[in-house]
1. Taking only the range 533-590 into account, find how many residues are basic (Lys, Arg), open to solvent by 10 Å² or more (accessible area, probe 1.4 Å) and in contact (Cβ under 8 Å) with a residue 12 or more places away in the chain.
2. Give the number of residues within the range 656-687 that are in a loop (DSSP other than H, G, I, E, B) and open to solvent by 30 Å² or more (accessible area, probe 1.4 Å).
3. Considering only residues that are of a type in the set (D, E, K, R) and touching a residue at least 12 places away in the same chain (Cβ under 8 Å), look in the range 639-690 and name the one that is nearest to Ala498 (Cα to Cα).
4. Can you find even one residue in the range 113-122 that is among the hydrophobic types (A, V, I, L, M, F, W, C) and open to solvent by 20 Å² or more (accessible area, probe 1.4 Å)?
5. Can you report the number of residues in the range 208-221 which are open to solvent by 60 Å² or more (accessible area, probe 1.4 Å) and within 30 Å of Val169 (Cβ to Cβ)?
6. Counting just the residues of the range 123-161 that are among the hydrophobic types (A, V, I, L, M, F, W, C) and more than 13 Å from Gly184 (Cβ to Cβ), which one comes out least open to solvent (accessible area, probe 1.4 Å)?
7. Among the candidates Trp6, Trp64, which residue alone is in contact with an Asp or Glu (Cβ under 9 Å, 6 or more places away or on another chain) and either of a type outside the set (Val, Ile, Thr) or surrounded by fewer than 12 Cβ atoms within 10 Å (Cβ to Cβ) (or both)?
8. Is it the case that some residue within the range 435-446 is surrounded by fewer than 17 Cβ atoms within 10 Å (Cβ to Cβ) and at pLDDT 65 or above?
Amino acid sequence: MLTGLWQDIRYGLRALAKSPGFTAVAVAALALGIGANTAVFSVFNGVLLNPLPYPEAGRLVWFWPADARTGQAFGGAISPPDFVDYRKQNTVFAHLSAFTQIDLTLTGSGAAERVPAAGVSAGFFETLGVKPAVGRTYLPADEQAGWPQAAILSDGLWRRRFGGDPSAVGKTIVLDGKGMTIVGVMPPGFDFPKGAQIWQPLPLGYAEMRVRRFHFLRVIGRLKPGVTMDRAEAQMKSICANLARQYPDSNALYSAHLEGLLDSVVGNLRPTLKVLIIAVGFVLLIACANVAHLLLARAAARQREIAIRSSLGASAGRVLRQLLTESVLLSVAGGALGVLIAWWGLKVLVALHPANVPRLDEVHPDGRVLAFTAALSLATGVLFGLLPALRASRPRLAEMLNEGGRGGSAGRAHRRFHNALVIAEVAIAVVLLSGGGLMIRSFQRLANVNPGFNPAHVWAARIQLQRSPDKYDPDGMMAFFGPLLQRIKALPGVESAALVSELPLGGQNSDTWFTIEGRPPVAPSDRPDADQRTVSADYFQTMGIPLIEGRYFTMNDNLRSAKVAIISRSLAEKFFSGQDPVGQHLNIDMGLPFQCEIVGVVGDILHRSLAGSSQPTNYIPLAQRPPGRVSIVVRGRPDAMALAHAVTQQVHALNGDVPVFDIHAMGDLISDSVGQPRFRTLLLAVFAGVALILAAAGIYGVMSYSVTLRTHELGIRVALGAGRRELTRLVLGHGMLLALAGIAIGLAAAAGLARLVANMLFEVRPTDPVSFVAVPAILGAVAFLANYIPARRAARVDAIVALRHE
């Protein structure tokens, strides 16, 4: 049997080599389809299928707070006292730990350096199942030591600062102005939370960590063996309910929801990848249909050869095997080239650095991807080759003489199958183009959303004063911030500058409860909440946020003056409907009471997402509650690199230990905030374009082949008086009839499948009329061109030549 298979392979290779044009076109079409599928499967595999790099990662869960009234999880955080209670009272977790992402300033050797870091509870590394490469992890005693006194370094920071010297453990480094003892070094590749290079113990014994109203911790856990997610969630909900009864002022609305850690890391990317897999599957089907067309035409040309082989004793099965071998050889060649296309495509994709696409750096072809490509190639070879091989392996001489003797026609059945493939190709192309059109329309709407501020010529940079509680008091902070702003405003090309605690669309959010003086008292759990921003006097003017009523902050709103606030339009409309909010008083819960008078109302801006709605927002003067970490926003037209250098110079002129980082244009920040919608829109548009090209090539190829087969018939029509216009109309009409049938079927299928992308659309309905009108028009125009060229060739048939040839 192996000898026969080797014979088939050698014969197939020779046969394909004799038809280089056919082979090149077929392999190219298959390479596009298989390469696109391999690339998307590589992303799907790297993001969703590959487990997180921790032992028994399936037992790791993420704890989300949930609304006790609705059970709906929300993207919030946990307070330190709540976490301590969860850890103490549960019986379902082998380990439960908390962390919060922070930035530290590393000084002492060279320039001050901002280092991404995390504060973690004891047992954090044990939860993930990762041991340090050098030293130890944190003990419960480290949590009670007051302000953090220890540090664990990443492998990269250890090698960069200490050259990989194991004796670095036990040494002291200066973080935020305080000496910390290095107690451990993590192994290479450990990167949780993302980007962290230093881990410090959470100071759960510190006074501010005992306030239940401060929610800033993220909680992860490792389930005990045999404990299900449902059982663990039921117990955590019970613990939350007990805490709500015990602490109604702070916990009345809080419940629990558990989610696998992988699902939490991946976020909402799973539906996007599923849609992309369906899309590339459709591209492969169109490619297979095109190659099936080519094989049918090739089989028709080889009918004499196959008939001779059959007459010499070759069985139908033997001929079928030979033809299937040739098909599989084509698909294997297409798969090999497809792997190269996929590898190149992945490099381009990663080079584009699409924002908000998690685990993209872990995407690469591996054994699973190569096995998928091999299986796909073999399956594809059988899919597009089986029916043509079945038809060709059973030559019927009588039918050939009756239907195909003149002009080489393959018969009506043969043409019907070609027609069915054309209709299927067009229908699939319509589905892909409709999906791509919906995504493009949706992204256009999203990209045109007004964020509420003017990002043109606005640059931002972050700075962080040292986090130690004894380093900067409010007066010390303002003694730094005030002169810094004056220095930056004096730089060439700078029109205005300001400071803000959290940039809009920067991924940093802060919300607080508040009450309105003069209103009936409410239970603490029923207090309204709003986004909270701390800004300097010129922030609204620098960002282009309009004043609606009242006044902006001024330099006179400082630590010694009466406390004031500015609110957003949405907060005014929601809580002061029919009243003038200016002059009203708020009590904002910021740990320490902040009782303030509303002095102005400004326009709404989108802090969290372009696709979201504007949130009620309170603004307070930076001079009255200065934070340690702020963003500088600068409006002007300086060169980006020159600005970065100049701002850094001004900061270091005041304090060389304050790092400057994350310098970027506000327009880039907006662009990054829609990274995931752009990612799926780009890929769907590319796949839809490939589908359109393949469908056009399929229509052109079939109609060209049809004209060749009908040469005798067309010659007779010319002999009987048919003119060029009639012949053009005949061929063009037949081709357009097939295209219109495919468009009709495709539109029906697209309407049914639109629900798959409904949740990904922004201000566009799944049955968007513009998309569903534009797609048939585009595809109809392409089909017309693909049909018109063969039709023109048919119109030039010479009756004498055609009949003499026959």
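The values are calculated or read from the model by the stated rules, or taken from the named source; none is laboratory data. Computed from a predicted structure; not experimentally measured. Positions of Cβ are backbone-derived with ideal geometry, glycine not excepted, and every protein chain shown enters the neighbour counts. To get the accessible areas, we keep the full protein, side chains included, count just its heavy atoms, and leave off ligands, DNA and RNA. Shrake-Rupley method; radii C 1.70, N 1.55, O 1.52, S 1.80 Å.
1. 4
2. 2
3. Top of the filtered list is Asp662.
4. no
5. Result for the range 208-221: 3.
6. Leu128
7. So the residue among Trp6, Trp64 that is in contact with an Asp or Glu (Cβ under 9 Å, 6 or more places away or on another chain) and either of a type outside the set (Val, Ile, Thr) or surrounded by fewer than 12 Cβ atoms within 10 Å (Cβ to Cβ) (or both) is Trp64.
8. Among the residues of the range 435-446, at least one is surrounded by fewer than 17 Cβ atoms within 10 Å (Cβ to Cβ) and at pLDDT 65 or above, which makes the answer yes.
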